[in-house]
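Below is one structure, written out as C-alpha cells; the observations come after it.
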Amino acid sequence: MDINGREKAKRFWIVASLLGICMFVIAIFCFFHTEKNEAEKRMVEIVNYVKVQCSTYTHYNESSESKSLLRAIESARQMSTNIDMEVKNRKQLDRKFLKENLQSLWVDGILVLDEEGKKVCEYSMDEGLMDEMIDYLQKDIIMDYTGYKERSYSERIVRGDGSRIDIAACARKDAPGIVAVYYYTSPRFIRNYTLTIQSLLKGYNTEKDGTIIVADKGKIIASNDEKLLAQDVADNEIIQKMKKHTDSRHIFHLKNKGTGCYGIMLKQRDYYIYMYLPDKEVFSNLPLSVTGVVFLYLIILSFSWSWIYITNLAHQKQEQEKDEKYKAELLKSAKKAEAANEAKTEFLQRMSHDIRTPINGICGMIDVAEHYADDMENRQNAGQRSKKHLICYWN
C-alpha cells in the first residue's frame with residue numbers, strides 16, 4: 001500500500017473508532033432506558049394485579065365469612081326453636097337431643113347456658129373445644145343477649161394454630177339464657193381451600209420477579225419472601241425508604257443492604273403493597289444487547305473495510321493498467337521517434353553525399369573557369385561539360 005493508501009486507511013480507522021465509541025455510548029443509553037421502562041411496566045402491572053387480587057380475595061373472604069356467620073346465626077335460632085319445642089313436649093333437655101340436632105344442622109358444637117352463663121347442656125364433636133367456648137361466651141356483650149330474643153351475636157375466632165371457629169349465639173325461647181352453635185375449621189382445610197394473599201404471592205420468584213410485600217396494620221402479612229412474614233414494617237429499612245415515594249406509576253432507585261434496586265409502592269383500600277427488584281435483574285439483558293450492537297457494528301465495519309480494500313485493489317489495478325498502457329504507448333512513441341531520427345539521419349547522410357558531389361563538381365568547374373579566365377572557348381567547354389555531368393548525376 002502506498003503512502004496515500006496508508007493515510008486513507010489511517011483516517012478510516014480513526015473515524016471508525018470514534019463512530020464505534022459513539023455507538024457504544026448511545027447503545028448503553030438507549031438499552032438502559034429501554035430495560036428500565038420494561039421493568040417499570042412489568043412491576044406496575046404486577047403490583048396492580050396484586051392489588052386487584054387482594055381486593056378480590058378480601059371481598060371473597062369477607063363474603064364467605066358473612067355467609068358462614070349468617071348460617072351459624074340461622075342454626076342458633078333454629079336450635080333455640082327446637083329446644084323450646086323439645087322442652088314443651090318432653091320438658092327435658094339432654095345430650096342425645098343435642099347430638100341429633102348437631103347432625104341435622106351440620107354444626108360442630110351446641111352449647112346451652114342459663115342466664116348466669118352456667119352450662120345447662122352441651123354436645124360437641126371435639127370436647128376439647130367446649131371449655132374454650134364456655135369461657136368465650138362469658139363475655140358481658142354476649143350474655144346481654146339473654147333478654148333479647150330477636151337479637152343474635154356472631155363472630156369468627158382465629159386461633160393461634162391457624163384454625164378458626166365461627167360462633168353464633170341467641171336468646172333461648174324456653175327459658176332465660178342463650179343457645180350457641182359453632183363451626184370449627186382446621187388449619188389444613190384453611191391452607192388448602194381458603195384464598196389467601198400469601199398463596200397468590202408464592203407464584204412469584206424473588207430472583208426474577210422481585211420481592212413483593214403486602215402489609216396491613218404495620219405488619220407484613222404476605223410476601224413471596226417468607227423470611228419477611230410477620231415482621232414489623234417499621235423495622236424494614238427498604239419499606240421505610242419506599243414510603244417516601246408515593247408515585248404508584250413509576251419506579252425509583254434505592255439501596256437495599258448496599259445493593260441497588262428499583263422499587264414501587266401502591267396503596268390499596270386495606271393494604272400497602274411494596275415491590276422491589278435488584279438492578280442486575282432490571283438490566284439483565286443490557287450486556288447482551290450492547291454486545292449484540294457492538295458485534296453488529298464490527299460486522300458492518302468488516303464489510304466496509306473489505307469493500308474499501310477491494311475497491312482500492314481494483315483502483316490500483318486500473319491505475320497500474322493505465323500506467324502500463326501509458327508506458328507501452330510511450331515506448332511505442334519513443335520507438336517511432338527513434339525510427340524517425342534514424343530515417344532523418346540516413347536521409348541527411350544521403351543528402352549530404354548527393355549534394356556534396358555536384359557541389360564538388362561545381363567548385364571544380366569554377367576552378368577550371370578561373371584557370372582559363374583568358375580563354376573563353378575552354379571556359380565554355382568546361383561549363384558545358386560541367387552541365388552535362390550535373391544533369392547526368394541528377395538523372
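The values are calculated or read from the model by the stated rules, or taken from the named source; none is laboratory data. Model, not experiment: these values are computed from the prediction. Here the Cβ positions follow ideal geometry from the backbone for every residue, glycine too, while neighbour counts run over all protein chains shown.
Can you find a residue that is surrounded by 10 or more Cβ atoms within 10 Å (Cβ to Cβ) and either touching a His at 6+ places or on another chain (Cβ under 6 Å) or among the acidic types (Asp, Glu) (or both) anywhere in region 253-268? Looking for residues that are surrounded by 10 or more Cβ atoms within 10 Å (Cβ to Cβ) and either touching a His at 6+ places or on another chain (Cβ under 6 Å) or among the acidic types (Asp, Glu) (or both), one finds at least one in region 253-268, hence yes.
The condition (being among the hydrophobic types (A, V, I, L, M, F, W, C), assigned to a helix (DSSP H, G or I), modelled with pLDDT of 70 or more and more than 30 Å from residue 10 (Cα to Cα)) is satisfied by just one residue among 343, 314: 343. Residues that are acidic (Asp, Glu) and part of a helix (DSSP H, G or I) within region 50-103 comprise 62, 65, 74, 84, 86, 100, listed in sequence order.
From the list 299, 264, the lone residue that is over 20 Å from the mean Cα position of the chain (by Cα) and at negative phi is 299.
What are the residue pairs meeting all of these: first residue in region 237-256, first residue touching a residue at least 40 places away in the same chain (Cβ under 8 Å), second residue assigned to a strand (DSSP E or B) and surrounded by 11 or more Cβ atoms within 10 Å (Cβ to Cβ), Cβ atoms under 7 Å, and 6 or more apart or on different chains? Final answer for the pair search is 248/264; 248/265; 248/266; 251/262; 251/263; 251/264. Counting only residues that are surrounded by fewer than 12 Cβ atoms within 10 Å (Cβ to Cβ) and touching a helix residue (DSSP H, G or I) at 6+ places or on another chain (Cβ under 9 Å), region 225-239 holds 1 of them.
Residues are listed down the side, and each one gets a yes or a no for (1) over 18 Å from residue 116 (Cβ atoms); (2) in contact with a Gly (Cβ under 7 Å, 6 or more places away or on another chain):
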| site | (1), (2) |
| --- | --- |
| 147 | no, no |
| 159 | yes, no |
| 175 | no, no |
| 183 | yes, no |
| 190 | yes, yes |
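This table checks each residue for (1) among the small types (Gly, Ala, Ser); (2) outside any helix (DSSP H, G or I); (3) at pLDDT 85 or above; (4) surrounded by 10 or more Cβ atoms within 10 Å (Cβ to Cβ).
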| position | (1), (2), (3), (4) |
| --- | --- |
| 332 | no, no, yes, yes |
| 339 | yes, no, no, yes |
| 348 | no, no, no, yes |
| 353 | no, no, no, no |
| 359 | no, no, no, yes |
| 362 | no, no, no, yes |
| 384 | no, no, no, yes |
| 387 | no, no, no, yes |
| 390 | no, no, no, yes |
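Pairing residues of region 50-75 that are more than 14 Å from residue 184 (Cα to Cα) with residues that are part of a helix (DSSP H, G or I) and modelled with pLDDT under 85, at Cβ distances under 6 Å and at least 6 apart in sequence or on separate chains, gives 53/200; 54/197; 57/197.
Scanning region 261-309 for residues that are over 18 Å from residue 16 (Cα atoms) and assigned to a helix (DSSP H, G or I) yields 279, 280, 281, 282, 286, 287, 288, 289.
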